[in-house]
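Below is one structure, written out as structure tokens; the observations come after it.
The values are calculated or read from the model by the stated rules, or taken from the named source; none is laboratory data. This structure is a prediction, so every number in the text was calculated from the model and none was measured. Heads up, the Cβs are rebuilt from the backbone with ideal geometry, glycines too, and the neighbour counts pull from every protein chain shown.
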């Protein structure tokens, strides 16, 4: 009892793809893995451009070919990264090329509904808690916004010295359905940390975005077939 698995890791390779897509030999694998980590950390915590933290970067996907590294940013506010006339993108591309010593192909894709992305919701809650907002009010507001955006369910869990209390504790709120063990359920997971004067507060968010299209259609067909077969029973006489 009590063992939990990351919902994204649980579904990766079954109904979800990998965030890094490339093949390497055993000798090169570790180096390229560290290179991917370095690229993601450099973009998320850019030393000279703090506006990247407010851009709402949900995930960074990396694809490799023999000649170049393709970096795809999924961003809620792409204007903060693109800049005027795309100058910021070119600068970031040059910096990444200098960082890894390879040719970088940078692509930015806009997220239409950031309220449905668990990582962005977790980072938004963490930011509000850092600004001393009431944790219960923050949780309630985030849940309402996500459900209004069309989510099937949301679960938020906070852990730490909530409200400046002496003892650390956990607070959890759930709205709608969160079937964590159902592979066909499209569960998104996000984690962020809030830095407060009393210490760190961990923010975990699970969002049920519905079902994967292939699984949902197959499931509907299977149900109708099952019903029709059950209706006709052969007469033994």
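Please verify whether residue 71 is surrounded by 19 or more Cβ atoms within 10 Å (Cβ to Cβ) and either under 30 Å from residue 178 (Cα atoms) or in contact (Cβ under 8 Å) with a residue 24 or more places away in the chain (or both), treating the condition exactly as stated. Spell out how you get there, then give the answer.
Numbers: surrounded by 19 or more Cβ atoms within 10 Å (Cβ to Cβ): yes; either under 30 Å from residue 178 (Cα atoms) or in contact (Cβ under 8 Å) with a residue 24 or more places away in the chain (or both): yes.
Spelling it out, residue 71 is indeed surrounded by 19 or more Cβ atoms within 10 Å (Cβ to Cβ) and either under 30 Å from residue 178 (Cα atoms) or in contact (Cβ under 8 Å) with a residue 24 or more places away in the chain (or both).
Conditions first: (1) touching a residue at least 40 places away in the same chain (Cβ under 8 Å); (2) touching a helix residue (DSSP H, G or I) at 6+ places or on another chain (Cβ under 6 Å); (3) farther than 25 Å from residue 155 by Cβ. Residue 82 passes all but one, so which condition is the exception?
Condition not satisfied by residue 82: (1).
Any idea which of 105, 98 is out of contact with any helix residue (DSSP H, G or I) (no Cβ under 9 Å at 6 or more places or on another chain) and not assigned by TED's automatic domain parsing to the domain that holds residue 155?
On the way: 105 fails: out of contact with any helix residue (DSSP H, G or I) (no Cβ under 9 Å at 6 or more places or on another chain).
98 is the lone residue from the list that is out of contact with any helix residue (DSSP H, G or I) (no Cβ under 9 Å at 6 or more places or on another chain) and not assigned by TED's automatic domain parsing to the domain that holds residue 155.
Do any residues in the stretch 146-162 that are in contact (Cβ under 8 Å) with a residue 60 or more places away in the chain have Cβ atoms under 6 Å from those of residues that are surrounded by 17 or more Cβ atoms within 10 Å (Cβ to Cβ) and assigned to a helix (DSSP H, G or I), where the two are at least six apart or on different chains, and which pairs are they?
Pairs that qualify, where the first residue is in contact (Cβ under 8 Å) with a residue 60 or more places away in the chain and the partner is surrounded by 17 or more Cβ atoms within 10 Å (Cβ to Cβ) and assigned to a helix (DSSP H, G or I), are 146/115.
Mind telling me which of the residues 54, 98 ends up being surrounded by fewer than 14 Cβ atoms within 10 Å (Cβ to Cβ) and closer than 22 Å to residue 201 by Cα? Spell out the reasoning first.
Details: 98 fails: closer than 22 Å to residue 201 by Cα.
Result: 54 is the single residue among 54, 98 that is surrounded by fewer than 14 Cβ atoms within 10 Å (Cβ to Cβ) and closer than 22 Å to residue 201 by Cα.
Can you pull out the residues in the stretch 155-179 that are loosely packed, with under 15 Cβ neighbours inside 10 Å and either in a loop (DSSP other than H, G, I, E, B) or under 17 Å from the mean Cα position of the chain (by Cα) (or both)?
165, 166, 167, 168, 177, 179
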